[in-house]
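Just below is one structure, and these are the notes that go with it.
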Amino acid sequence: MAENTAAREAYYAKVAKLDVSPLWTTRLVPPRPEDQVRSVAHLWDFDDVIRPALLEAGGLITAQEANRRVLSLENPGLGGSHRVLESLYAGVQMILPGECAPAHKHSPAALRFILEGQGDAWTAVAGEKSVMRPGDFIITPSDAWHDHGHDGEGPYFWLDGLDIPMVATFGPMFFDHYPADRAPQSRPSGDSMARFGANMRPVNERWTRLESPIFSYPYERSRAALEKLRTAQEWDPFAGLKLTYIDPTTGGSAMPTISTFLQLLPKGFETKTYRTTENTIFSPVEGRGRLIVGEGDKQRTFAFKPRDVVAVPCWVPHRIIADEETVLFSFSDRIAQEKLGLWREMRGNA
């Protein structure tokens, strides 16, 4: 046996020099997600932590110098890898009055969810300019020129979500600066909503891109939809009343790699325990509550309020208690997992 062990060790040392490895010495596919996933559930406090830190940064570096003044949300379990969860990036961005973040484009797709601000902050995506208001969900498609600025008063903050880790896995990472600070506006404001946002489209026009042709989803309209469905919709015991943002030309996800949602939980509503393979980031818009994650001695309770950010990793059981009437925005990698045939859920403890 000792001779066999020594021979094996010699063999392993030999094949290591051949740029190969013996599969039988490792477990390439672990039996459960928790044996693979290193990220942990975590809450980033907006009012007491993120907001003051960004205001301090505003006195140290301009939007022009930084290109984007963003604090990346680093998951404690991922060791400073610029990931909020295994497959997703998230950060909180601030722009000050009079600033313009220079135009650029990149192969990773991005979303913006507006957290706080007053006045005339705007974004321009693929040649169309739109105002930004708290609660708005905005898409920046892959390889689309975009910039944004602020002509009003006071700071503006939003949550950025990108599929950077997914794109990096495949390798096609591209980034380009526009030659000037502003990319040209080629379409009037409101053009995409007029063309596709009324369950209509120009008769001879086809939309062939993978993302929604509507890049700005105003909170006022999304919130009104939840309110209208409050009495008409059967409440899901695992999610309350939850809607997903869609591409109106297909009915599918508004983004090809990231799913986005808005959900309503009445005061006192407690969801049942839910488990899903998707990596999910929550950001409350209205109300306060508790997100309870994990089980047994690993269970943790995160008390949330508006504009906080909470990350829940793949396959971690969780439930939500609404201490006040609560509206939650969230995004996840569900649509990417569905396309790959990987997504699954577990409702309850079955």
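What follows draws every value from the coordinates through simple rules; no lab data is involved. Keep in mind that this is a model prediction, so the values were computed, not measured. Cβ placement follows ideal geometry from the backbone for every residue including glycine, while neighbour counts extend to all protein chains displayed.
Distance from the C-alpha centroid of segment 16-53 to that of segment 255-321: 20 Å, rounded to the whole angstrom. Kindly identify segment 10-57 as rounded, prolate or oblate by the Cα gyration tensor criterion: order the square roots of the eigenvalues as a ≥ b ≥ c, call it rounded if a/c is under 1.5, otherwise compare a/b with b/c, prolate if a/b is larger, else oblate. Because a/c hits 1.5 or more and a/b fails to exceed b/c, segment 10-57 counts as oblate.
Can you check what the net charge comes to around HIS104, using other residues whose Cβ is under 12 Å from the Cβ of HIS104 (Lys, Arg +1; Asp, Glu -1)? Residues near HIS104 contribute -1 overall. Estimated at 0.36 nm per residue, the fully extended path between GLU234 and ALA10 surpasses their Cα-Cα distance by 74.2 nm. Given +1 at the Cβ of Lys and Arg, -1 at the Cβ of Asp and Glu and no other charges, the dipole of the chain around its Cα centre is 880 debye to the nearest 20. If you take the Cα centroid of segment 101-150 and the Cα centroid of segment 200-216, the two points sit 18 Å apart. Restricting attention to the chain, lysine pairs at least eight places apart or on different chains and with alpha-carbon atoms under 30 angstrom apart total 18. Over the chain, dividing the summed -39,500 (n - 2.57) contributions of all DSSP H runs of at least 4 residues by the number of residues returns a 222 nm mean residue ellipticity of -4500 deg cm²/dmol.
Taking +1 at the Cβ of each Lys and Arg and -1 at the Cβ of each Asp and Glu, which of VAL293, GLN337, VAL84 sits farthest along the dipole of segment 37-347 towards its positive end, judged by Cα position relative to the Cα centre? So the residue we want is GLN337. For mean projected area of the Cα convex hull in nm², the value calculated from this model appears in (1) 16.6; (2) 18.3; (3) 23.2 under label (3). With the convex hull of the Cα atoms taken as the outline of segment 156-278, the averaged projected area works out to 11.7 nm².
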